[in-house]
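Before any comments, here is the structure.
The values are calculated or read from the model by the stated rules, or taken from the named source; none is laboratory data. Fair warning: this is a prediction, and the values are worked out from it, not measured in the lab. Virtual Cβ from ideal backbone geometry, glycine too; neighbours counted across all protein chains shown. Note: accessible area is taken over every heavy atom of the protein model, side chains too, but ligands, DNA and RNA are not part of it. Shrake-Rupley method; radii C 1.70, N 1.55, O 1.52, S 1.80 Å.
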Amino acid sequence: MTLGRFAPSPTGVLHLGNLRTALASWLSARKAGGRWLIRMEDVDGPRCRRDLGEAQLRDLAVLGLESDGPVLWQSGRSAAYREALAALQRADRLYPCLCTRKDLQLLASAPHLEDGLRPYPGRCRDRAWEGFDRALRLRLPPGEVAWQDLLLGAQVDDPGALTGDPLLFRRDGCFAYHLAVVVDDGAQGVTEVVRGVDLRSVTATQVRLQEALGLPRPAYAHLGLVAAPDGGRLGKRAGALGLGSLASQGIPVLELVGWLGWSLGCQDRSEPCTAADLIAAFDWARVPKGEVRVPGAWS
Ligand SMILES: [Zn+2]
């Protein structure tokens with residue numbers, strides 16, 4: 001059975017791009033007769049706040065998107081992440097990384113990649129095991145990873161060139177994003193991951209981590225981003241173009257859902273409707289692959 005999920009970080013208001021991703025993942029699961037879960041990715045220390053997560057859940061519920069099971073908060077999952085690290089260590093797949101942020105900047109060799117996506121060059125790969133109180137990286141095997149993206153079609157990436165050996169545990173004691181995502185998708189039995197195309201470049205790395213942990217590989221779909229009316233990035237506008245600001249402009253929720261449905265290829269024109277009205281028409285073959293712009297009147 002299909003099990004989809006939406007996994008926001010509770011660091012702010014869900015903007016239209018986040019809401020579109022949530023709706024697409026829900027529609028895809030519902031169309032397949034499957035289930036859908038919400039997970040809060042709140043491992044990133046103080047930037048994540050419980051009240052922001054609760055507000056995100058309320059916004060999703062207003063759109064008609066409610067988790068079919070309990071919402072999983074990653075901040076309560078340390079034991080599972082520790083267990084996964086221990087399994088990787090027993091398989092000799094982890095090594096301590098003593099690089100500082102400055103070391104990594106000096107070693108960066110791929111300036112064409114977006115900041116934060118420079119591959120780790122493997123400087124500490126041959127370092128001997130020193131225990132679990134160091135920053136830890138996964139030793140990637142060489143080679144490319146191929147997958148069939150539900151939206152983008154056949155994809156091939158070399159994780160070594162995109163991320164290099166991923167950080168799984170940080171020196172400050174926090175579990176890293178890749179570890180939490182992969183462990184929880186596996187533990188929850190997620191079969192379908194729908195997310196923004198900005199995360200496409202980490203897919204191959206996460207597939208390698210799934211393989212190392214003996215977890216099944218879910219299907220992936222990477223959606224084009226939603227841009228502001230002027231083409232700017234929505235994520236850069238704190239609090240703008242979320243449900244609250246649209247409501248304060250007098251835009252009814254059903255109009256917003258209708259627009260999101262139109263942007264996902266479920267309607268020929270943007271007509272007000274509920275999320276459930278869109279299920280029958282949802283089809284990955286009709287979802288546009290590129291970027292979508294918010295209507296100018298909503299800015
Ligand atoms: Zn290092």
Report the residue count in the range 2-21 for those that are touching a strand residue (DSSP E or B) at 6+ places or on another chain (Cβ under 7 Å) and in contact (Cβ under 8 Å) with a residue 60 or more places away in the chain.
13
In the range 1-19, is there at least one residue being within 17 Å of F175 (Cβ to Cβ), open to solvent by 10 Å² or more (accessible area, probe 1.4 Å) and in contact with a Cys (Cβ under 7 Å, 6 or more places away or on another chain)?
yes
Among the listed residues G244, G231, G186, G261, which satisfies the condition of being outside any strand (DSSP E or B) and without any contact (Cβ under 8 Å) to a residue 60 or more places away in the chain?
G186
Evaluate the range 125-133: report whether one residue or more is within 16 Å of the ligand (Cβ to nearest atom) and among the basic types (K, R).
yes
Filter pass, P96 being outside any helix (DSSP H, G or I), modelled with pLDDT of 95 or more, out of contact with any helix residue (DSSP H, G or I) (no Cβ under 9 Å at 6 or more places or on another chain) and closer than 23 Å to V202 by Cβ:
yes
List every residue pair whose Cβ atoms lie under 8 Å apart, where the two residues are 6 or more positions apart in sequence or sit on different chains, the first residue falls within the range 202-222 and is free of Cβ contacts under 8 Å to residues at least 60 places away in the same chain, and the second residue, located anywhere, is among the aromatic types (F, W, Y) and surrounded by 20 or more Cβ atoms within 10 Å (Cβ to Cβ).
T203/Y220
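Among the candidates L254, L264, single out the residue that is open to solvent by less than 50 Å² (accessible area, probe 1.4 Å), modelled with pLDDT of 95 or more and over 17 Å from D185 (Cβ atoms). Show your work before the answer.
On the way: L254 fails: open to solvent by less than 50 Å² (accessible area, probe 1.4 Å).
One residue alone meets the criteria, L264.
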Taking only the range 126-165 into account, find how many residues are open to solvent by 20 Å² or more (accessible area, probe 1.4 Å), part of a loop (DSSP other than H, G, I, E, B), of a type in the set (A, V, I, L, M) and over 24 Å from R82 (Cα atoms).
2
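Matching residues to (1) within 16 Å of the ligand (Cβ to nearest atom); (2) open to solvent by less than 50 Å² (accessible area, probe 1.4 Å); (3) under 30 Å from R20 (Cβ atoms):
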{"residue": "E66", "(1), (2), (3)": "no, no, yes"}
{"residue": "S78", "(1), (2), (3)": "no, yes, no"}
{"residue": "L88", "(1), (2), (3)": "no, yes, no"}
{"residue": "T100", "(1), (2), (3)": "yes, no, no"}
Residue pairs qualifying under the 8 Å Cβ cut-off, at least six apart or on distinct chains, with the first in the range 130-158 being over 15 Å from R208 (Cα atoms) and the second being open to solvent by 50 Å² or more (accessible area, probe 1.4 Å) and in a loop (DSSP other than H, G, I, E, B), are R134/L98; R134/R171; A135/L98; A135/R170; A135/R171; L151/K289; L152/K289
Failed condition for D277, given (1) of a type outside the set (A, V, I, L, M); (2) assigned to a strand (DSSP E or B); (3) free of Cβ contacts under 8 Å to residues at least 40 places away in the same chain:
(2)
Please give the number of the condition K289 fails out of (1) surrounded by fewer than 16 Cβ atoms within 10 Å (Cβ to Cβ); (2) more than 21 Å from the chain's Cα centre (by Cα).
(2)
